[in-house]
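In what follows, a single structure is set out as structure tokens and then discussed.
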Amino acid sequence: MLALVTGASSGFGYAISQALIQQGYRVIGAARRLDKLQQMQAELGTAFFPLCLDVTASHQQLATALNTLPPEFSLSHVSVLVNNAGLALGLDAADTANLDEWQTMLDTNIKGLMNMSRLVLPHMVEKKTGIIINLGSIAGTYPYPGGNVYGATKAFVAQFSLNLRADLAGTGVRVTNIEPGLCGGTEFSVVRFHGNADKAQQLYQNTAPLLPEDIANTVAWIVSQPAHVNINRIELMPTSQSFNPLKVTPTASH
């Protein structure tokens, strides 16, 4: 059994790779930081293959990288694809947000996920088996100030996952969208706040957030289900996170 995990060098990707190897999978860990991947290989052993890959690269560049894998890790053997690579940048309102950051989120969270799925799917369909697991977010369902494009990208992931299910009916290929809420123990908020670790840490004070291991356990459970069971979507939050009343603002006087 072979899995391909994007964004594997830290956070969710690291924990997912570790959990899958514990379940008997070999894992291709794809990420931009080769040094981190090599450290993982030293820890996880020969079942882990480090692949230096940026999902925002062109479709052709991604195809070249994936088609030059060693025979034992070839794309044709991949039975699980975990589209984990993704990011949020900034928390500014739409009228002041950085357009370049919006574009980066689109390139990573949407185009990267699309390209990786399109490259792996033909092999799964040919074998009539496989699982695609997309890492979405509750931000794709519940809007919040400053979530503008990030939330929109995760709404895309939710709908794309459902549409893949429709396209793949009868092929034996399964698709799941995992939608976590507040998560700690990752680089997500540090990246969002441009390296400001103190600001990121403030989000998690006294919250007991979800951890990478919780998401990894969810992935491990999904892939352990029998072939006739498809988990369409899973939404999970820490117990400390819930829902707020809809905001009502005073009407501006004229």
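Just so you know, all these numbers are worked out from the coordinates, no wet-lab data involved. Being a predicted model, the structure only gives us computed values, none of them experimental. All Cβ positions, glycine included, derive from the backbone under ideal geometry; neighbour counts span all protein chains shown.
Assorted remarks:
- Set of lysines with alpha-carbon distance to LYS247 below 29 Å, sequence-local pairs under 8 removed: LYS154, LYS199
- The chain: DSSP helices with Cα axial extent of at least 27 Å and average Kyte-Doolittle hydropathy no lower than -0.5: 148-167
- Cβ-based exposure ranking for SER79, SER74, SER242, in which fewest neighbours within 10 Å come first: SER242, SER74, SER79
- When chymotrypsin sites (Phe, Trp or Tyr not before Pro) are flagged only if DSSP places them in a loop and at most 16 other Cβ atoms lie within 10 Å, the longest unflagged stretch of the chain comes out as 1-203.
- Taking amide H as placed 1.01 Å from N in the peptide plane, the amide H of SER10 sits under 5 Å from none that are at least 5 places away or on another chain.
- Within a Gaussian network of the chain (alpha carbon springs, distance under 10 Å), most fluctuating of VAL149, VAL157, VAL125: VAL125
- 20 Å cut-off, amide nitrogen to a point 7 angstrom out along LEU87 Cα→Cβ, residues in segment 138-166: 138-140, 146-157
- Build a GNM of the chain with springs between Cα atoms under 10 Å apart, and of PRO122, PRO143, PRO226 the one that fluctuates most is PRO226.
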